[in-house]
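Working notes, structure below.
The values are calculated or read from the model by the stated rules, or taken from the named source; none is laboratory data. Please read all numbers here as calculations on a predicted model, not as lab measurements. For neighbour counting, all protein chains shown are included, and Cβ atoms are generated from backbone atoms with ideal geometry for every residue, glycine included. All accessible areas refer to the heavy atoms of the entire protein, side chains included, with ligands and DNA or RNA removed. Shrake-Rupley method; radii C 1.70, N 1.55, O 1.52, S 1.80 Å.
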Amino acid sequence: MKLINLKAMWYDNYTFFDKQKGFTETNSAQIWNKELPDKFFLPIELQELLQHSNGGGIINGDREFGYFSLYEISDFYIEYQFDKYTPLFMPIAFNGGGIFYAYDFRNPTNINLVAVSAGVLEYESSIIIGKTLKEVLSKTINIEDELDILYPKIELTEEDKQLIELRKQLNELNTNRNNITPKDYLLTKRTLENKIKELGLKTK
């Protein structure tokens, strides 16, 4: 991936509640593409954001955008079984309440950003929320409210809620791994992954 010359950028008008070191490695395409469909690519706007902060969080009113690092995109894609249920959605962020922001690659020449529930991964249950991150993040309502306009609120089981919370904790752990000792990181990571695996087996 060719690195972009950063000047005044589209994200400068937004408030970051979580800021990480920007991604600068030139082999990023090889890293992020692990286990992802060949149709996927990093839109320029996402490249710009990751170079500024490789994973992090933006808040605008009630709109929360906890976005994934370059390394985490494929992890969320596999862990939440996008490959099985919505293989052409590329998850890039959580809203803080179990709703994914994702790029829709069903038509690679006309990509949309969609909102889809982690508990109901279906193309039919998603909603287009914009064409660009700038457009999507300029709105101040929670994307759950946009989903509720078209679809009735889906009641998650207690197991689904626990899975969402555990995966959120795992994401936060990975984001803050440089702030804790390697031993504590690995121990906590293993504990969370084991709990996720146990709950996943119960829900199948």
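Odds and ends about this structure:
- Computed from backbone phi, the HN-Hα couplings of segment 75-86 come to 4, 5, 4, 7, 4, 8, 6, 4, 4, 8, 9, 9 Hz, rounded to whole numbers (Karplus: 6.51 cos²θ - 1.76 cosθ + 1.60, θ = phi - 60°; Gly and Pro given as x).
- On full extension, the segment bounded by Glu158 and Val120 gains 12.3 nm, given 0.36 nm per residue less the C-alpha separation.
- Cα-Cα over 31 Å, subset of Lys131/Lys189; Lys39/Lys197; Lys19/Lys161; Lys21/Lys134; Lys19/Lys139; Lys134/Lys189: Lys131/Lys189; Lys134/Lys189
- Whether segment 49-98 is rounded, prolate or oblate, judged on the alpha carbon gyration tensor where a/c under 1.5 counts as rounded: oblate
- Sites Ile44 and Ile78 - FRET efficiency at Förster radius 35 Å, r taken between beta-carbons, to 0.05: 0.90
- Burial ranking of peptide ranges 188-194, 86-92 (average Cβ count within 10 Å, highest at the top): 86-92, 188-194
- Solvent-accessible area per residue in segment 32-152 equals 39 Å², computed with a 1.4 angstrom probe and all protein chains kept.
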